[in-house]
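What follows draws every value from the coordinates through simple rules; no lab data is involved. Model, not experiment: these values are computed from the prediction. Here Cβ is always computed from backbone atoms with ideal geometry, including for glycine, and neighbour counts include all displayed protein chains.
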Amino acid sequence: MNVPAARNVIIIGSGPAGLTAAIYAARANLKPLLFEGFNAGGLVPGGQLMFTTDVENYPGFVEKITGPELMERFRGQAERQGAELITEDVRKVDFEARPFRVWAEREEPYLGRSVIIATGAKAKYLGLESEHALENKGVSACAICDGSFFRGQDVAVVGGGDTAMEEATYLAGLCRSVTLIHRRDEFRASKVMQARVLKNQKIKVLWSHEVTEVLDVEQDKVTGVRVKDLKTGKSRVRDVTGFFLAIGHTPMTELFQGVLDTHDNGYLKVKPGTTQTSLDGVFAAGDVQDWVYRQAVTAAGTGCMAALEAERWLAAQGGAH
């Protein structure tokens, strides 16, 4: 039986963190292998920027660039530097064995002397039965993906952070009206993003309200949302045909539960100032370990850190093969 050779670095995830790690690892002649996902398990090739329209704050781009276009440039640069990309979802890992073992679609595992985890995070839902029943039938967690289906219609967005502001603003450019529903009486979003929303005449804010039901499951499409005023307790229906979630994210750490240390919120723990996880030779970069900044530029920065740390760790183990 031929045992496959172990790769120096296996990277799981292809957002800004994973692809930056691939660029740096390839330039260090580590011949990295990157699994970019296939979206079957929620790992989206290109990461969350694939759901972003205009990126105006990534350094080096005077003119705005779309998220998908930016990620295509990341990907092309990684391939040009010599990284090998596989469009498959990782379904299992074994970090007890050395070299580490990673399973994707084929039966045999891929072997890696080191691993960089850059699986990112995915959108949260409210957990309503009606919301789940109408998912992809008017309920969406991605305005960029689905907003064009609601041109000229009335829609609602739930959330109070930067993501909610961006989704509401984007939808206001397509839809007749946007109702932004928030549980509190103030936003968590940056002042710039808040100002953009509050001055947009097509966006109405429902402060101190929560969604209790998405209508109408019987019609198999969204016809409205039932909202409750948290200060008065009164309920009413807001007529909308689209319902968008923008209430945060859950880290994609299912593969690593019980294997690597995590915080109470599920994000991977790393040693302060590094990308080193609780296991030697395994590193974590991007939103899978960062719930504070969650920016493309910070994710890319930690991807760079992970590749450099992996390179140094491999050198301490006797060098790359």
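Assuming charge only on the beta carbon of Lys and Arg (+1) and of Asp and Glu (-1), the dipole of the chain about its Cα centre is about 760 debye to the nearest 20.
The long axis of helix 16-27 is offset from the longest Cα principal axis of the chain by roughly 20 degrees. In segment 125-245, the convex hull through the Cα atoms has an average projected area of 6.7 nm², a quarter of its surface area.
Roughly what angle does helix 67-81 make with the longest principal axis of the chain, taking Cα atoms, 0 to 90 degrees, to the nearest 10? So the helix axis and the longest Cα principal axis differ by about 10 degrees.
Listing Tyr58, Tyr267, Tyr24 from fewest to most neighbouring C-beta atoms within 10 Å gives Tyr58, Tyr267, Tyr24. Hey, what angle do you get for helix 162-172 against the long axis of the chain, alpha-carbon based, 0 to 90 degrees rounded to 10? Result, in degrees: 50. Extents of the chain, taken as max minus min of Cα coordinates on every principal axis and listed largest first, are 66, 42, 33 Å.
From the helices alone, meaning DSSP H stretches of at least four residues, give me the mean residue ellipticity at 222 nm for the chain, per-run term -39500 (n - 2.57), in deg cm²/dmol to the nearest 500.
-7000 deg cm²/dmol
Here segment 276-312 and segment 69-130 have alpha carbon centers that stand 14 Å from each other. Can you tell which of Met50, Gly301, Val270 lies farthest toward the positive end of the dipole of the chain, using +1 and -1 charges on the Cβ of basic and acidic side chains (Lys, Arg; Asp, Glu)? Farthest towards the positive end: Gly301. Using the Cβ of Val102 as centre and a radius below 14 Å, the other residues enclosed give a net charge of -2, where K and R count +1 and D and E count -1.
Need one word for segment 1-157: rounded, prolate or oblate. Basis is the Cα gyration tensor (sqrt eigenvalues a ≥ b ≥ c); a/c below 1.5 gives rounded, then a/b vs b/c decides.
Details: a/c = 3.10, a/b = 1.52, b/c = 2.04.
Oblate, because a/c is 1.5 or more while a/b does not exceed b/c.
Which one, Ile10, Leu85, Val225, projects farthest toward the positive side of the charge dipole computed for the chain from Cβ point charges (K/R +1, D/E -1)? About the Cα centre, the residue reaching furthest to the positive side is Val225.
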